[in-house]
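A short reminder: the numbers here are calculations on the coordinates, not readings from a lab. From a predicted model like this one, the values you see are computed outputs, not experimental measurements.
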Amino acid sequence: MQGFHHVLEARERLGPEERSRFDDQIRRATDILQVAAGQHEILSKLPIGAPDAVPKKTWRKKKNTLNARGLTANEVATIDQATVVKAAKKAVREEAKKAAFKRGREGQDQGREGPQSGEDTTVVVRGDNSDEGPPPSTAPPALGRESVREPTQRDMRMLSTLATS
C-alpha cells in the first residue's frame, strides 16, 4: 500500500493534461489488477493436497519360463480376451451336452413305465408305436426299403425248418 501512496503523490505533482493521461494509465492498470484478483480468488477455492497416487505398472510373466520378459498391456488383453472366449465356448458346449442328455433321457422315458413302489424294478417296454420315433440311441431306418437286406437262401432254409417244427 505504501507504493500506491507514492503513485498518488506523483500524480499530484503533474500538470492537468499529464494528470489526465496518468489517470487513464491508472484505470487500465486497475482493470488488469482486478482481473488478476478474480483469478487468484478462483484459484484459492481449489483444494490443495497430496496428488493421487499413480498406480505402479504391473507385469505378468509367461507361464513355465524362468527368464521370460513381462507381457505388455496389449498382450495381456489378448490373453484375457482369449480366456473369456474359451470359457464362453466351454459353457456353450456344456449347455449343449446337458440339453442333449436331457432330450435323450426324455426320449427313453417316453417308452417306459417306471416301477411302482414296493415292486421289483423290472422295465416294461410298450409296443411299437408308429407315432413315436425311435429312441435317440438307435440309427435311423433305411429310407424307402422294407428291410435292410434281401433274405438269403440260408435264411429261407432256417425259416422253413422253423415252420416245420
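Convert each backbone phi in the range 30-43 into a coupling constant with the Karplus relation 6.51 cos²θ - 1.76 cosθ + 1.60 (shift: θ = phi - 60°), then list the ³J(HN,Hα) values in order as whole Hz, x for Gly and Pro.
Result, ordered by residue: 5, 4, 5, 5, 5, 4, 4, 5, x, 5, 5, 5, 5, 5 Hz.
Can you classify the range 2-44 as rounded, prolate or oblate using the Cα gyration tensor, where a ≥ b ≥ c are the square roots of its eigenvalues, rounded means a/c under 1.5, and otherwise it's prolate if a/b beats b/c and oblate if not?
Because a/c hits 1.5 or more and a/b fails to exceed b/c, the range 2-44 counts as oblate.
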